[in-house]
1. Determine the dipole magnitude for region 39-160: charges of +1 sit on the beta-carbon of Lys and Arg, -1 on that of Asp and Glu, nothing else is charged, the reference point is the Cα centre, and the result goes in debye to the nearest 20.
2. Tell me, what % of the accessible area of the chain is carbon and sulfur with a 1.4 angstrom probe?
3. Rounded to the nearest whole Å², what accessible area per residue is found for region 26-160 with the 1.4 Å probe?
4. Spelling out what I want: for every residue of region 96-108, take phi, set θ = phi - 60°, compute 6.51 cos²θ - 1.76 cosθ + 1.60 (Karplus), and round to whole Hz; glycine and proline get x.
5. Report the net charge of residues surrounding residue 90, where surrounding means a beta-carbon distance below 9 angstrom and charges are Lys +1, Arg +1, Asp -1, Glu -1.
6. Can you give me the angle between helix 2-28 and the longest principal axis of the chain, using Cα atoms only, in degrees from 0 to 90, rounded to the nearest 10?
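The values are calculated or read from the model by the stated rules, or taken from the named source; none is laboratory data. These numbers were taken from a predicted model, which means no experiment stands behind them. No Cβ is skipped: glycine too gets one built from the backbone with ideal geometry, and neighbour counts run over all protein chains shown. Note: accessible area is taken over every heavy atom of the protein model, side chains too, but ligands, DNA and RNA are not part of it. Shrake-Rupley method; radii C 1.70, N 1.55, O 1.52, S 1.80 Å.
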Amino acid sequence: MFRKTTSRLCVANEAHRQKMVALFKIVTGEAAFKNKVPVKDCNVQAVFGPSYAADLQKWHSSAITGKMEPADKKVADDRLHSYLARLELTRYTARELATYMMNGAHNVAAAAEADMISKGAAFLKEQGEAAFTSHVQSEAKFANWSADQTSAFVKKVKAA
């Protein structure tokens, strides 16, 4: 009985390790998705779940950099952070990147959010609250936003 339980736990642990190794190789460019599917944020989320970045960083800090020297650990962590930041930029179209990258790649998300809030405020003034709320909810489905993200965006636009 005890032997069967421990073997099942080992198999689950090995499956998680293999999943994280595959994710790490995809993020770093060592491997690709099947059928040449582009490595984009939405595709990685579809395969590995919405918390893939946090899971990868947690696994990376324990399995890969756990036994490294502090200087080497910092280099490895910085490299992983740059890979994840590059992957995050795939959420935007070329036009959005050209528009929002004027203050640097690290400010793209903040610039995009500020632009969405300003456009949302203009839409709210023109169309009214009911049309604005229904439009945001329909667009949130396309963007795979959670209900919390949607309500937070609506609150930000109403506050602006």
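1. Here the size comes out at about 20 debye.
2. Answer for the chain is 57 percent, counting heavy atoms of protein chains only.
3. 68
4. Karplus values, whole Hz, x for Gly and Pro: 5, 5, 5, 6, 8, 8, 5, 9, x, 5, 6, 10, 4.
5. So the surrounding residues net to +1.
6. Roughly 50 degrees, rounded to the nearest 10.
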